[in-house]
Amino acid sequence: MSVSFVEKLECPRTELLFEESKPLFNKDQAVSEASRCLFCSDAPCMQACPTHINVPLFIRQIMTENLNGSAKTILSANIMGLSCAHACPVEVLCEGACVMNKEGKEAIHIGRLQRYAVENAYAKGINFFSKGNSTGKKAAIIGSGPAGLSCAAELARLGHEVVVYESRRIPGGLDSTAVAPYKLFSDAALKEIAFIQRIGIEIKTGITIGKDFALSELEKQYDLIFVGIGLGQDSLLKIPGEDLTGCMGVVEWIENIKRNNSFNPGSIQSAAVIGGGNTAIDAVRELKKLKVPKVTLIYRRTEREMSGYKHEKDRAAQEGVEFLFQTTPLEILGSGGRVTGIKLVKTKGEDGRLSVVSGSEFNFLCDFVLKAAGQEKLSGLFSQIKNLKIENGLIKVHPETFQTDNPKYYAAGDCVSGGEEVVNSVADGKKAAKAMHQSLLKGK
Amino acid sequence: MADISINFAGIKSPNPFWLASGPLTNTAYQVMKAFDLGWGGAVWKTVGIPIVNVYSRYGGLTYHGNRLVGLNNNELITDRSYEENYKEIYQVKKKYPKNALLVSLMFETKQEWKEHVKRAIDSGADGLELNFGCPHGMCERGMGSAVGQEPKVLKEVTSWVLEYSTVPVLVKLTPNISDIREPGMAAQEIGAHGVSLINTIKSIIGIDVDSFSPVPSVGGKGTNGGYCGPAVKPIALHMVGALSRMPGWKTLISGIGGIQTWRDAVEFILLGAASLQVCTAAMHYGFRIVEELNQGLSDYMDSKGFKTIEEFRGKAVKNYVEWGDLNLNYRVKAEINPKKCIECQLCVAACDAGGHQCIHTSQNGTRVPYVDQEACIGCNLCSLVCPVEDCITMKEIDLGKPYLTWREYQKTAVS
């Protein structure tokens, strides 16, 4: 009997204060929406999906009320079809590619339809996949994020013995700790993991490879090893005052709101998030939804240069988030050990090098600061793996097989890409598994 | 403003829209409400030998999320007493003298017909409609469609009514036959003032795939019922047209079958209908739909310069010809407007499967397809599946050749 991680979640979690931005369709809504789909030939939505889900088919199956068939269509392409339905930036993927846009009509709500199919099928307790006939080969997966789980699921379906090692108490990686709660609650992410476990995958949590379990031992026990350990802690801004109470990293903070209720939004009058990526935008929206009166996103470059999605930024603006562009922090200010504001300075320069506008320093009052300047690269484990090639802190892999320079190791996910969507990691983890399968069969 | 009033064999109506005999015309309350909202007339729910109805009477066809694309029912004729019906018919006619009020009748013996033709007329009926169309329940008792399917019986029963009636008599025809012209001609020959068609089509609207019962399910069992609603309109149009273009046809037609909008109504009129009966649409949306019907018909007539309905009634009849009279030298070819194309490639899939494999994806990297003009046989399929208005059009090509029918073609081929 596999471990149920949903039960390990703490009950009072800040994330439960959020309302879902895209609630589950009822049958009528789903069938009507599915009926709008044109069932395009060689559909652009399918091509836009990194996992190439047969979107027109699964939508047609919803229309004909064959939800099990629909879920199977989705999950056979993307084993994390539920998380992706919630977390994917559909606006720039499948729904962005929908031909309806070209006619000025609303794109089909593919993400919500996908959720409808998978969630209903899972609610019936259906196991869509089982373990393949045993090959006698064993693979270890380090890290239980989307890349690792996708790789594990595929390997298990192909008949290999798979064990996933996770250093945290609860698996899922960023999928269960970092996706904005109004998109995906952690219990939903963990329910999906429970279905993946049932394919016949063992997930061992609380084990850090290289610390609690020697790498040499792992190499001895397993034929191949997949590394999907993601990225490390929030990057430091490297300015004075970062250690004040009320200043923290954004990934750590989101993990807190998804895991416990240690965050008290009621005590905050003005919050600032420093960064221009999607995590920064998620954070300002989350703070606003938690009813923090004043929320400001501070970004050192222009609006146009933000790496975060425009549609998310626009929603944040509609929700009342304020923006300070071409502004960068010099120091987090505090009193009595607590944050009281940020010393900021204006910047200039576009598309090129940034420079500070001299004499433009000003103090910004706030009592909470989130640093969203990216995550550190993990290097501890990498240094223990022989011949692993690292570039800019990321593992170098073959672009198709995801094999590293050490042939026993494969890798995918954020530790290779530097940070992409859940769906990209799922796609890459699966591709790695296919290549590992070929290698394992050869070794027989 | 166009005059949309009609005179149907002497039955005057402020507009051509009548509620068809059925669930909508069961009581004075319903008919009065409908007249208040603008309906021109109503055909009272069939009065006949008292019956008992079952519970669970309707089954709906939902297509791609659209409800009641088709409707099926197993309801029988009125389940109210003669007294109640005739009293309320009298009240309605008294209050609404300018609206057309017809009474639908269904009886077995000549004596019964005689009695009730008189009672209906005494109650104020402007006309009678003989229910020879009901396809369920009553036909098993030798009435309804059992009469409509036998021209001889139809003639005999109609002749009884004509003998006793002092008001116009309409024979309601069933579509559940192989050739509508036979009962139609029988009704004309015996002297009916009009025919109403089509009645509902014998149907099973669906099977519950979990309980294995036909729907609507009456405690786990179902029966065939009468099919109506938008889905039956093409069948009704054909039958109305088949009578209208028949040589010697002169009887007035009251068109029925899936009329929901003014456009449907105009189509029936163009094929010769002199009045229009509506049921499913009002059952779905309520009596208020008549506002759109009246206004739309009037606006259409204004836009075409038709002052009365008679001016354009039957205008499409001469264009409804046999296949053998179509022009073999007529050509159309599909043309795709690349500026409008949304790249769904449905035309590619459809032409590849059901066309002549002449629409191809471009080689230059765009998803906009192109038509192989040589291979195109002008079947229209691509233009029908294309979801964008006016993106695929069928362009007429002048071969510079005269009109050539199959009959003529055969002659030249032989010689």
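The values are calculated or read from the model by the stated rules, or taken from the named source; none is laboratory data. Nothing here was measured: the structure is a model prediction, and the numbers come from that model. For neighbour counting, all protein chains shown are included, and Cβ atoms are generated from backbone atoms with ideal geometry for every residue, glycine included.
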Kindly list the number of the only condition in (1) closer than 17 Å to A:THR51 by Cβ; (2) modelled with pLDDT of 95 or more; (3) away from every other protein chain (no Cβ under 14 Å) that fails for A:PHE128. (2)
So which residues in segment A:48-62 are surrounded by fewer than 21 Cβ atoms within 10 Å (Cβ to Cβ) and either within 12 Å of chain B (Cβ to nearest Cβ) or polar (S, T, N, Q) (or both)? A:ASN54, A:ARG60
Segment B:46-99 - residue that is part of a loop (DSSP other than H, G, I, E, B) and within 14 Å of chain A (Cβ to nearest Cβ) and, of those, modelled with the highest pLDDT: B:HIS64
Evaluate the following for A:ILE193: is it surrounded by 18 or more Cβ atoms within 10 Å (Cβ to Cβ), β-branched (Val, Ile, Thr) and either over 23 Å from A:GLY419 (Cα atoms) or in contact with a Gly (Cβ under 8 Å, 6 or more places away or on another chain) (or both)? yes
Give the residues of segment B:350-381 that are out of contact with any helix residue (DSSP H, G or I) (no Cβ under 8 Å at 6 or more places or on another chain), within 13 Å of another protein chain (Cβ to nearest Cβ) and surrounded by 15 or more Cβ atoms within 10 Å (Cβ to Cβ), sorted by residue number. B:ASP352, B:VAL368
Go through (1) part of a helix (DSSP H, G or I); (2) within 10 Å of chain B (Cβ to nearest Cβ) and name the single condition A:LYS105 misses. (1)
Name the strands (runs of 3 or more DSSP E) wholly inside segment A:340-435 in which the number of residues that are of a type in the set (Gly, Ala, Ser) and at pLDDT 95 or above is 1 or more. A:409-411
Please go through segment A:293-311 and give me each residue that is over 18 Å from A:GLY249 (Cα atoms) and crowded, with 20+ Cβ neighbours inside 10 Å, ordered by number. A:MET306
From A:PHE195, A:PHE226, residue being among the aromatic types (Phe, Trp, Tyr) and within 14 Å of A:LYS138 (Cβ to Cβ): A:PHE226
If you go through A:GLY374, A:GLY336, the only one that is out of contact with any Cys (no Cβ under 6 Å at 6 or more places or on another chain) and surrounded by fewer than 16 Cβ atoms within 10 Å (Cβ to Cβ) is A:GLY336
Output the number of residues of segment A:79-101 satisfying the condition of being part of a loop (DSSP other than H, G, I, E, B) and either within 14 Å of chain B (Cβ to nearest Cβ) or not aliphatic (A, V, I, L, M) (or both). 3
Which is surrounded by fewer than 16 Cβ atoms within 10 Å (Cβ to Cβ) and of a type in the set (Phe, Trp, Tyr), of A:PHE362, A:PHE325, A:PHE368? A:PHE362
Matching residues in segment B:128-147 - criterion: being more than 17 Å from the chain's Cα centre (by Cα), surrounded by 24 or more Cβ atoms within 10 Å (Cβ to Cβ) and small (Gly, Ala, Ser): B:GLY144
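Can you tell me which residue in segment B:382-395 is farthest from the chain's Cα centre (by Cα), limited to those that are away from chain A (no Cβ under 13 Å) and surrounded by fewer than 15 Cβ atoms within 10 Å (Cβ to Cβ)?
Looking at the filtered set, the residue picked out is B:LYS395.
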Quick check on my filter: what residues within segment B:187-225 are more than 24 Å from B:PHE8 (Cβ to Cβ) and in contact with a Lys or Arg (Cβ under 9 Å, 6 or more places away or on another chain)? B:SER213, B:PRO214, B:PRO216, B:VAL218, B:ASN224, B:GLY225
Could you pull out the residue among A:ASP28, A:ASP42 that is surrounded by fewer than 18 Cβ atoms within 10 Å (Cβ to Cβ), at pLDDT below 95, within 14 Å of chain B (Cβ to nearest Cβ) and part of a helix (DSSP H, G or I)? A:ASP28
